[in-house]
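Right, one structure below, let's go through it.
Each value in this text was obtained by applying a stated rule to the coordinates, not by laboratory testing. These numbers come from a predicted model, not from an experiment. Neighbour counts are summed over all protein chains in view; Cβ atoms, including those assigned to glycine, are modelled from backbone coordinates with ideal geometry.
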Amino acid sequence: QMQLVESGGGLVPAGGSLRLSCAASGRTFTNYVMDWFRQAPGKEREFVAAVTRNGGSTYYAYSVKGRFTISRDNAKNTVDLQMNSLKPEDTAVYYCAAAPFVTRTWNAIDYWGKGTLVTVSS
């Protein structure tokens with residue numbers, strides 16, 4: 001099993017920034033593509049961003065491209081999500097996830113964290 005623990009969520013005004021972090025343990029970190037997903041109240045869980053095993057390639061949902069940046073540190077077994085220019089519609093629980101390949105589909109994920117709440121006030 002892989003354990004994923006997110007941190008860094010909170011309340012931020014529109015236009016502000018937050019940095020989420022996810023610490024992984026239990027499995028070989030570099031065997032996995034790392035993703036961030038989010039789920040807003042009453043909505044389905046949706047893909048936000050992904051980073052490949054060596055950090056060489058990144059992928060983003062259209063709604064966050066240009067505002068969010070995903071990165072990983074394979075020496076520390078962590079993956080971060082820097083979120084800038086936040087909007088009220090970014091309000092959601094954000095989940096760290098590990099997958100065997102690049103995917104934007106939640107049902108292809110092997111491991112999930114418990115999530116961290118991000119609230120953007122208008």
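List the aspartates and glutamates whose Cα lies under 19 Å from the Cα of Lys76, skipping any in the same chain that are fewer than 8 positions away.
Glu6, Asp35
Taking region 8-95, which chymotrypsin sites (Phe, Trp or Tyr not before Pro) meet the DSSP loop condition and have no more than 11 other C-beta atoms within 10 Å?
Values: sites: Phe29, Tyr32, Trp36, Phe37, Phe47, Tyr59, Tyr60, Tyr62, Phe68, Tyr94, Tyr95; in loops: Tyr32, Tyr62.
Passing both the DSSP loop test and the Cβ count: Tyr62.
Using 0.36 nm times the number of residues separating Arg104 and Ser17, minus their current alpha carbon distance, what extension gain do you get? It would help to have the intermediate numbers written out before the result.
Working: separation 87, 0.36 × 87 = 31.32 nm, distance 2.38 nm.
So the extension gain works out to 28.9 nm.
Report the local net charge at Ala14: Lys and Arg +1, Asp and Glu -1, summed over other residues whose C-beta lies under 10 Å from its C-beta. It would help to have the intermediate numbers written out before the result.
Values: positive: Lys87; negative: Glu89, Asp90.
Computed value for this residue: -1.
Find which of Thr52, Gly115, Thr103 sits farthest along the positive direction of the dipole of the chain, computed with +1 on the beta-carbon of Lys and Arg, -1 on that of Asp and Glu, about the Cα centre.
It is Thr52.
Quick one: which residues, 5+ away or cross-chain, put their amide H under 5 Å from the amide H of Arg27? H built at 1.01 Å from N.
Gln3
What's the magnitude of the charge dipole for the chain around its Cα centre, counting Lys and Arg as +1 and Asp and Glu as -1 at the beta-carbon? Answer in Debye, nearest 20.
I would put it at about 100 debye.
Just to check, using Stokes-Einstein with a Kirkwood Rh over alpha carbon pairs, what's the diffusion coefficient of the chain at 37 °C and 0.692 mPa s in µm²/s? Working shown, then result.
Details: Rh = 14.1 Å.
So the translational diffusion coefficient is about 233 µm²/s.
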